[in-house]
1. Excluding same-chain pairs closer than 8 in sequence, count the lysine pairs in the chain whose Cα atoms lie under 21 Å apart.
2. Suppose the Debye formula is applied to equal point scatterers at every Cα of the range 229-331; what is log10 I(q)/I(0) at q = 0.17 Å⁻¹?
3. Go ahead and set up a Gaussian network model of the chain, Cα springs under 10 Å, then flag whichever of 265, 96, 223 fluctuates most.
4. Just need log10 I(q)/I(0) for the range 53-202 at q = 0.14, 0.17, 0.20 Å⁻¹, Debye formula, equal scatterers on the alpha-carbon atoms, no solvent, rounded to two decimals.
5. Give me log10 I(q)/I(0) at q = 0.08, 0.11, 0.14, 0.15 Å⁻¹ for the chain, Debye formula, one equal scatterer per alpha-carbon, no solvent.
6. With every protein chain in place, what's the accessible area of residue 12 (1.4 Å probe, Å², nearest 10)?
7. DSSP loop (so not H, G, I, E, B), at most 14 other Cβ within 10 Å: list which trypsin sites (Lys or Arg not before Pro) in the range 253-310 pass both filters.
8. If you wrap the range 101-153's Cα atoms in a convex hull and average its projection over all directions, what's the area in nm²?
Amino acid sequence: MSFRTIEWRDDKVVMIDQTRLPGEEVYCEYGDYKSVAEAIRGMIIRGAPAIGVAAAMGVALGAREIIADTQESFLRQLDNVCDVMARTRPTAVNLFWAIERMKRVAVCSCDKSLDELREILKVEAIRIEQEDLAICKAIGRHGAALIPEGATVLTHCNAGGLATAGYGTALGVIRAAHEAGKNIQVFADETRPWLQGARLTAWELMKDGIPVTLISDNMAGFFMNRGEITCCVVGADRIAANGDTANKIGTYSVAVLARENNIPFYVAAPISTLDLSLENGEQIPIEERHSREVTHLQGLPVAPEGIAVRNPAFDVTPARYIAGIITEKGVVTGDYSKKLKDLVTP
């Protein structure tokens, strides 16, 4: 990759500031867990897998800030650090998966000295980052087989290297197909209101030399109806036990349009995005963000002052619209309730 989304460097967390792309490629350093939490909340880093990595690294930073005399005191204070990280964004399940993994490692290592505990947590956070990169490449390998030669792939939001530790989920599938020599091109929805498709997906693909065309969100149906879209591939922030999938707002609309036009609609996500504790998508918590994200664009008002606004950050695509869920263990189709459970059963 020609950029790094997030890394641990010299006992600090370094992230590319995604709010400043594509105009500036700026990297920010964070030396304490509260600033990492604020970076997640402020979408300096975003995308479910990347948020999980950031949360793990935030916990590791927090462990270094803890002053304790005993392991019990350390673990109590670590719980407080984890609570701060968990309150940043409610929909992306990878956030909670990473926090729980860090807590389990700490509890299982409570016979170690406090300095050893801090080092163990740092190593675990780095391991989560490295694993995510390998997982994304496996997702890409499995998904590339679904992309026909000469395909035009529509994607929504940004499920690329910027949304992960690198390579990406949906864009990982696209990258793998491109690397396999398939003559593909991409249509990227701009993805209002944060414009992740315009600012981030287009930037990533252009840097990699993958042909990409930017369209506004309300153009997707036009191009599908004209036969210009071969398939759709998107990422996910949380997948319920029955396959219902929460992803960036507007994804559901793309899925409905794809079904109407007989276009396969795929979801690419790591197994850590599965939340089998939820029976269906109605139980997925949906984050609502500030109205200013809708009423302003780059700080300039685009709507009347005082207008009522709703701003859900995600929507849920019912499993019946999804042709396949691409994971690091393979592609799941058909009976998601059974096959997703089988996927995570040792």
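1. 15
2. Values returned for q = 0.17 Å⁻¹ are -0.80.
3. Per the Cα network of the chain with a 10 Å cutoff, 223 tops the list.
4. -0.75, -0.92, -1.10
5. -0.37, -0.70, -1.11, -1.25
6. 80
7. Details: sites: 259, 289, 292, 310; in loops: 289, 310.
Of the trypsin sites (Lys or Arg not before Pro), the ones in loops of the range 253-310 whose Cβ has at most 14 other Cβ atoms within 10 Å are 310.
8. Details: hull surface 19.2 nm².
Computed as one quarter of the Cα hull surface, the answer is 4.8 nm².
The values are calculated or read from the model by the stated rules, or taken from the named source; none is laboratory data. In this text the structure is predicted, and so the values were computed from the model without any measurement. Reconstructed Cβ throughout: ideal geometry from the backbone, glycine too, with neighbour counts over all protein chains shown. What goes into the accessible areas is simple: the full protein's heavy atoms, side chains included, and nothing from ligands, DNA or RNA. Shrake-Rupley method; radii C 1.70, N 1.55, O 1.52, S 1.80 Å.
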